[in-house]
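Notes follow the structure.
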Amino acid sequence: MSRRARAVAVAVVAFGLGPADASGRPAEAPSERARDATAREVAAASDELARGLSGLRLPSAPAPYFTVARWIRAQVWSIAASYGGLVRDLHERQQVATVRVRVGAPERDDAGMLGADDTTVRFDPALETDPAYLRRRVWLAQDASFRHAARAYARKEGMLARLQVDVPIPDLGPPPPSRNDLSGPPPPPQVDREGLAQAARAASERFAARPEVDNGEVHVAIITDHFVTVTSEGAAFDRARTRALVAVVADMQAPDGMRVDHGRALHLATVPAADEAFERTLNELTDRVLQELVALAEAPRIDEAYDGPLLFEPEAAAQLLGVLVPSQASGTPPPLSESGRVLELEPAWQQRLGKIVMPPFVSLIDDPAADPFGGYPIDAEGFAPERLRLVDRGRLTSLLMTRTPGPVLRRSNGHARLTPALDVGTQISNLVLQAHARRRSRRALEGELLRRAREDGYDYAYVLESLRDDVLLGPPPRDSAGMMAGTGKVPLPLPARLWRIDRNGRRTLVRGAMLAPVAMRVLRRIRATGTRPVTLHLRLPVHARGPADHQLGVDAALSHTVDVTVTSPALIIDGFELLVERGEHERPPLLIHPLRQDAG
Amino acid sequence: MNGAPHVMAPCRWARPVLGACVSLLACHPRPAPDPPPRPWPEPAVAADHWAVHRPEPTPAAPPAVASILAAELDRHFERFAAVQTDPPVYYMAYELVRTQQLWIEAEDGVLLTDDTSDERLLDVDVRVGSPALDNSHAIGGTVGTGQGLGSGAPVALGDAQLSLAQAIWAETEAQVRNAVTAYAEIRAEQELRATDDDPPPADFSVRHPAKRFVEVPPLDDEAARAAAIPMVRAVSTVLADSPAVLESRVTFELVRTTRVLVDTEGSRTGDGGVRARIILEVHGQADDGMALSRAATFEGHVVADLPPLTTLRSAAKTLREELEALRKAPLAEPYTGPALLDGRSAAVFFHEIVGHRLEGHRQKIDEEGQTLADKVGKRIFPWFLDIQDDPTIARLGDVPLWGHYVLDDEGVYAEPVSLVERGRLRTFLLSRSPVGPFVKSNGHGRREPGHPVVARQGNLIVRARRRLPHHELRDELVAEIRRQKKPYGLWIREAESGYTLTDRSGPQAFKVNPTLVYRVFADGRPDELIRGADLVGTPLAAFETIRAAGDRFVVFNGMCGAESGWVPVSAVSPAILLETIEIERAAHERDRPPLLPPPPEAGP
């Protein structure tokens, strides 16, 4: 088989240089050879997209007008240790590609339907670059995607014919500036797999010091990837990333039978070095998770619901914003169904541009340049990410936009994010809550909290230190904590560390509380803020419409998320409701845990 | 707590488990006079040279992990007794299965997968109640997970004592809860059932504990990988070299499995094996939209069993040519009449229509068709057929049999079982779940980790006491065509998969998916290849129409899926002449072939 190399003039821009590798040295730049190899694949894919655009035709279906092909090659390291034993230690090369054809015209195409993702076709490219093979696979995938799109378009036409559409929203916005920036994949980083496995194993041995704990694991996961995007409009760009996750998760049964879990993670943009500092950090993380879990299991349960003010510590406040803002500030309109737009899926802020959504002393900024962890040079659709003043002193002034127009905002502001699994959707980059007034010291915040609680008839209040990390832990380990949904309201994760504070300022850790779903209006009832914002590194999914989409579990926490930061001070907010979790729990185990044999 | 991560949901080709029940990607039958012969030697054995190899397993010392498992088992069993669980725990077993795997795939000379994996999974079996009635009893007509048998939990790769002990504790606790819940439901259901005259069969049989550890050959996966990568590239290039081929794949798989089992009766066993396999697959499409495929597999117990590169290239070329021929072949019509099931298709036929129906647990479940439950001692096949299942055989001549094992997943020694003698049914495939008068296991309790054990096939071997040379078999076919005054008969050369329905709520039917079918004409016209035929029928009627058998026995090796998961099996059969079979039209996709021709310079 002949594979003709294609000479392509490319503008080489050093995008996607990874951060430092495990040794601390700056990551090596991609080689000229790697760039050329990528360029040849891009040329092959581009040629095939062009051929498809001009040649794919069916008698009664609209012609394709836009196609995008993406492919990613990744190396995955996954280590899991439990109680001193290595349960998983794997290293794999993985790769996947997608092709998406759109038929019709930007004003109306096949997209935007409930289930429209089915028009995207996935396939496996070669492990190494191979332009001819890629082109052939793109040929078949493009053909299949075109058929799906043609079917979807026909279905959409049928639906639209039945609906009264006042102001049609285009299905695709203007293209990004012309871009042909390829770096090629950098050399793979050095990963001390053995050292990391040993560190994980040693950390997991520390579970032995906590015989009360039932189960637990220490995880180290690393993904290094290089992804390429090519469109039929002539855009071609790539990016390389290194992401790592170090996590400890554990669970146990409280004396009353409630199964509780807890976990913490370090989100890194570099390959961790298996040195003493890392081991120390991992051990401290392990000890902290175990200590907090045991404290949670021993904590009393709340005995009545509470709807007074809540004080969100900076960590919890950042987590709350990470759950609420990306999904509800998305500018992507809800999908279309036979009954019209699925309004239950409409982001709450989408129809509120120009209106007050937060107090006048609060602004919300999304700034891609603020932190390299959440930042990125161009988004998944080729747009440079813009600094957004989402909320300006309480007034909603912008939304997170991809190239899919919304009812008011029609152009992208560069917030289409791409996961290693090639999911594309809106997401924040570095979200910052700025308080312009009503900033209080820690002591003053607590005082105000208690005062407001008294006004609501409570002689105590609650301080939320952190929310349950659903991305890390997945669904809760008990049915009684099942997520509630409410029309127009957003379900929330369980509180992880919730403190009851009484009028004397004494704090007691409690458990068994659930946060009732909230409307976004609750953010208008921020009453005061702290003075010391904290920045949280998070990994969040795209396409998330609510916390249920966040319950990925540790093994999907890298592959189905993108990196973001959220910065927030502490917040006192009215309008939340803490409910008492109700349900039957399992009896204590009949068997004696190996670490409890002496006590048993 | 969680499985291995995945960057993305791979569009990986299905591992060779085509078909709802069985993947029969077998070796090809011997050349036939018409059409042209195949250029590579297939694993066939002449009936007169039935060289059976039953290797004497090499004893091995018990691994250290066996002691850890046994200590935890004893501790937990004593604890259950001390707390007097209600119902009582009367039996427990731990089975630890380590699977090391090398998986390499290529298409058109391009490497797609190059993975190694190593995992250990723990199955915990807890039985509550009594051997007469326990939690393994079928619920609602099914035997499945969630009843306290089979857990498939990932555990430490090494023998870290605390790590293993903690995992064992967690799984045992979970399984006893499942067992108690299932037993309560079973008891309630039993009390509501109308009783037959016969006493109900017990759920668990007695046996003497086994104490044996068998050496498992080591795996040099680095050497295997170094050799396999250029091989899959080279063969996949040949395989893809046709415009008729839309997609293709060459896969090299090497798996080493070791098992350690301990139970509360005192059994301490360990065995395992190595499987090597090469799979060639091509996929295309007819102009009318029908999806077409051809496949060939080569199996072995060691890498050295696999054929050389020249043979694989020839196989690839032939598959490609067969696909091209299928594209032009006419569609099958619904048909009843005589047929010659050659080699592998006959083996698939017996695997589906009789093999699964002889699995012991099916005779006990009322929701099952129990087609053969009352036929012990009665003739179900012509007098000249014998059927055995013998997992102790590792090879027939030079041909490896994938259904070979020493000890089953209940720690019972595998036994040769004469299922059918001179056409009469003698017994069933048995695990430790008794069936009627058959109260003792014959070592056929098998499972994939994470599933409960049920009786499964191993090496199903069909022999004929009266055999005809192949050309005489064809003559008989032609004679039968004439006798029945049919326009043609069928020669079914190849079948890749099939399934059988044994649930009473549906028809007790089978379907075999032949991929190479020829019309044979009595007037001497050349055989005509057809496409889109499925072989269907009901077992008893099918058994009755067997008229003759050939003198060469072809082996298929594959993976079979049923209630206890996927297990490696083989089936060995001569060609058989059937007086009447039924062909129905296979599912026919109607999507047009690709709208554009292949990209320029992308072909071979």
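The values are calculated or read from the model by the stated rules, or taken from the named source; none is laboratory data. Quick caveat, the model's predicted, so the values are computed rather than measured. All Cβ positions, even for glycine, are placed from backbone atoms using ideal geometry, and neighbour counts span all protein chains on display. Areas reflect the complete protein model, heavy atoms only, side chains present, ligands, DNA and RNA absent. Shrake-Rupley method; radii C 1.70, N 1.55, O 1.52, S 1.80 Å.
Restricting to region A:173-215, what's the tally of residues that are crowded, with 17+ Cβ neighbours inside 10 Å and assigned to a helix (DSSP H, G or I)?
10
Answer with yes or no whether A:A141 is among the aliphatic types (A, V, I, L, M), buried (at least 20 other Cβ atoms within 10 Å of the Cβ) and in a helix (DSSP H, G or I).
Against the criterion (among the aliphatic types (A, V, I, L, M), buried (at least 20 other Cβ atoms within 10 Å of the Cβ) and in a helix (DSSP H, G or I)), A:A141 qualifies.
Quick one: count up the residues across region B:324-347 that are in contact (Cβ under 8 Å) with a residue 24 or more places away in the chain, part of a helix (DSSP H, G or I) and either closer than 30 Å to B:I461 by Cα or open to solvent by 20 Å² or more (accessible area, probe 1.4 Å) (or both).
We begin by selecting, within region B:324-347, every residue in contact (Cβ under 8 Å) with a residue 24 or more places away in the chain; these are B:324-327, B:329-347.
Within this subset, residues satisfying the condition of being part of a helix (DSSP H, G or I) are B:324-327, B:343-347.
Of the ones still in play, those that are also either closer than 30 Å to B:I461 by Cα or open to solvent by 20 Å² or more (accessible area, probe 1.4 Å) (or both) are B:324-325, B:327, B:343-347.
Total meeting the criteria: 8.
Got a sec? Which of A:V96, A:V103 is of a type outside the set (G, A, S), at the interface with chain B (Cβ under 7 Å from one of its Cβ atoms), open to solvent by less than 10 Å² (accessible area, probe 1.4 Å) and in a strand (DSSP E or B)?
Selected residue: A:V96, the only one of A:V96, A:V103 that is of a type outside the set (G, A, S), at the interface with chain B (Cβ under 7 Å from one of its Cβ atoms), open to solvent by less than 10 Å² (accessible area, probe 1.4 Å) and in a strand (DSSP E or B).
Here are B:T257, B:T237, B:T310: which of them is of a type in the set (V, I, T), open to solvent by less than 30 Å² (accessible area, probe 1.4 Å), at pLDDT 95 or above and not assigned by TED's automatic domain parsing to the domain that holds B:A394?
B:T257
Within region A:84-127, work out how many residues are without any contact (Cβ under 8 Å) to a residue 24 or more places away in the chain, closer than 25 Å to A:P188 by Cα and of a type in the set (D, E).
Qualifying residue count for the region: 1.
Give the residue that is modelled with the highest pLDDT, with candidates limited to residues of region A:471-483 that are open to solvent by 70 Å² or more (accessible area, probe 1.4 Å) and more than 14 Å from chain B (Cβ to nearest Cβ).
Result: A:D479.
Table: residues versus (1) open to solvent by 10 Å² or more (accessible area, probe 1.4 Å); (2) without any contact (Cβ under 8 Å) to a residue 40 or more places away in the chain; (3) out of contact with any Ser or Thr (no Cβ under 6 Å at 6 or more places or on another chain); (4) in a strand (DSSP E or B).
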| site | (1), (2), (3), (4) |
| --- | --- |
| B:V354 | no, no, yes, no |
| B:R362 | yes, no, no, no |
| B:D374 | yes, yes, yes, no |
| B:W383 | yes, no, yes, no |
| B:G403 | no, no, no, no |
| B:G411 | no, no, no, no |
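Output the residue which, of all residues in region A:334-365 that are in contact with a Lys or Arg (Cβ under 7 Å, 6 or more places away or on another chain) and within 21 Å of A:G414 (Cα to Cα), is surrounded by the fewest Cβ atoms within 10 Å (Cβ to Cβ).
Filtering first and then ranking leaves A:G354.
Return the pairs, sorted by first residue and then second, in which the second residue is surrounded by fewer than 13 Cβ atoms within 10 Å (Cβ to Cβ) and in a loop (DSSP other than H, G, I, E, B), the first residue lies in region A:572-592 and is within 13 Å of another protein chain (Cβ to nearest Cβ), the beta carbons are less than 6 Å apart, and the residues are 6+ apart or on different chains.
Between residues of region A:572-592 that are within 13 Å of another protein chain (Cβ to nearest Cβ) and residues that are surrounded by fewer than 13 Cβ atoms within 10 Å (Cβ to Cβ) and in a loop (DSSP other than H, G, I, E, B), the close pairs are A:I592/A:G600.
What is the number of the single condition among (1) in contact with a strand residue (DSSP E or B) (Cβ under 6 Å, 6 or more places away or on another chain); (2) not in a strand (DSSP E or B) that A:V218 does not meet?
Single failed check for A:V218: (2).
What are the residues in region B:245-254 that are open to solvent by 10 Å² or more (accessible area, probe 1.4 Å) and touching a Gly at 6+ places or on another chain (Cβ under 7 Å), if any?
Answer for region B:245-254, where residues must be open to solvent by 10 Å² or more (accessible area, probe 1.4 Å) and touching a Gly at 6+ places or on another chain (Cβ under 7 Å): just B:L246.
Hey, does region A:194-202 have a residue that's at pLDDT 95 or above, among the charged types (D, E, K, R) and farther than 30 Å from A:A384 by Cα?
yes
Tell me the residue from A:R532, A:R539, A:R500 that is within 14 Å of chain B (Cβ to nearest Cβ) and in contact (Cβ under 8 Å) with a residue 40 or more places away in the chain, please.
A:R539
Quick one: A:V564 ticks every box in (1) touching a strand residue (DSSP E or B) at 6+ places or on another chain (Cβ under 8 Å); (2) part of a loop (DSSP other than H, G, I, E, B); (3) more than 27 Å from A:D307 (Cβ to Cβ); (4) aliphatic (A, V, I, L, M) except a single one, so which number is it?
Of the numbered conditions (1) touching a strand residue (DSSP E or B) at 6+ places or on another chain (Cβ under 8 Å); (2) part of a loop (DSSP other than H, G, I, E, B); (3) more than 27 Å from A:D307 (Cβ to Cβ); (4) aliphatic (A, V, I, L, M), the odd one out for A:V564 is (2).
Run down A:S78, A:S46 and say which single residue is touching a strand residue (DSSP E or B) at 6+ places or on another chain (Cβ under 9 Å), crowded, with 20+ Cβ neighbours inside 10 Å, within 7 Å of chain B (Cβ to nearest Cβ) and hydroxyl-bearing (S, T, Y).
A:S78
Would you check which residues across region A:178-206 are closer than 20 Å to A:P377 by Cβ, hydroxyl-bearing (S, T, Y) and touching a strand residue (DSSP E or B) at 6+ places or on another chain (Cβ under 7 Å) and list them?
A:S183 - this is the single residue of region A:178-206 that is closer than 20 Å to A:P377 by Cβ, hydroxyl-bearing (S, T, Y) and touching a strand residue (DSSP E or B) at 6+ places or on another chain (Cβ under 7 Å).
Which is at pLDDT below 95, of a type in the set (A, V, I, L, M), touching a helix residue (DSSP H, G or I) at 6+ places or on another chain (Cβ under 7 Å) and crowded, with 20+ Cβ neighbours inside 10 Å, of A:A152, A:A126, A:A111?
Residue meeting the stated conditions: A:A152.
Assess whether B:A132 counts as being closer than 28 Å to A:A74 by Cα and among the small types (G, A, S).
When the stated conditions are applied, B:A132 does not pass them.
If you scan region A:283-316, which residues turn out to be of a type in the set (S, T, N, Q) and open to solvent by 10 Å² or more (accessible area, probe 1.4 Å)?
Hits for region A:283-316 are A:N283, A:Q291.
Being on the phi < 0 side of the Ramachandran plot, touching a Ser or Thr at 6+ places or on another chain (Cβ under 9 Å) and at pLDDT below 95 is true for just one of B:A194, B:A202, B:A156, B:A174. Which residue is that?
Values: B:A194 fails: touching a Ser or Thr at 6+ places or on another chain (Cβ under 9 Å); B:A156 fails: at pLDDT below 95; B:A174 fails: at pLDDT below 95.
Checking each option against the conditions leaves just B:A202.
Restricting attention to strands (runs of 3 or more DSSP E) lying wholly within region B:86-176, give those where 1 or more residues are more than 12 Å from chain A (Cβ to nearest Cβ), under 23 Å from the mean Cα position of the chain (by Cα) and surrounded by fewer than 20 Cβ atoms within 10 Å (Cβ to Cβ).
So the answer is B:89-107.
Among the candidates A:L595, A:L590, A:L579, which residue alone is part of a loop (DSSP other than H, G, I, E, B) and surrounded by 14 or more Cβ atoms within 10 Å (Cβ to Cβ)?
Exactly one of A:L595, A:L590, A:L579 is part of a loop (DSSP other than H, G, I, E, B) and surrounded by 14 or more Cβ atoms within 10 Å (Cβ to Cβ), namely A:L590.
Select from region A:434-483 the residues that are of a type in the set (S, T, Y) and more than 30 Å from A:L266 (Cα to Cα) and list them in ascending order.
Matches in region A:434-483: A:Y458, A:Y460.
In the list A:R57, A:R88, A:R73, A:R51, which residue meets the criterion of being within 20 Å of A:T242 (Cβ to Cβ) and either open to solvent by 20 Å² or more (accessible area, probe 1.4 Å) or within 11 Å of chain B (Cβ to nearest Cβ) (or both)?
On the way: A:R57 fails: within 20 Å of A:T242 (Cβ to Cβ); A:R88 fails: within 20 Å of A:T242 (Cβ to Cβ); A:R51 fails: within 20 Å of A:T242 (Cβ to Cβ).
Selected residue: A:R73, the only one of A:R57, A:R88, A:R73, A:R51 that is within 20 Å of A:T242 (Cβ to Cβ) and either open to solvent by 20 Å² or more (accessible area, probe 1.4 Å) or within 11 Å of chain B (Cβ to nearest Cβ) (or both).
Within the group B:R547, B:R592, B:R519, which residue is basic (K, R), open to solvent by 50 Å² or more (accessible area, probe 1.4 Å) and more than 30 Å from A:V138 (Cα to Cα)?
Only one candidate qualifies: B:R547.
Residue check, B:A182 against (1) open to solvent by less than 20 Å² (accessible area, probe 1.4 Å); (2) under 25 Å from B:D86 (Cα atoms); (3) within 14 Å of chain A (Cβ to nearest Cβ), all met but one. Which one?
In the conditions (1) open to solvent by less than 20 Å² (accessible area, probe 1.4 Å); (2) under 25 Å from B:D86 (Cα atoms); (3) within 14 Å of chain A (Cβ to nearest Cβ), B:A182 misses (3) alone.
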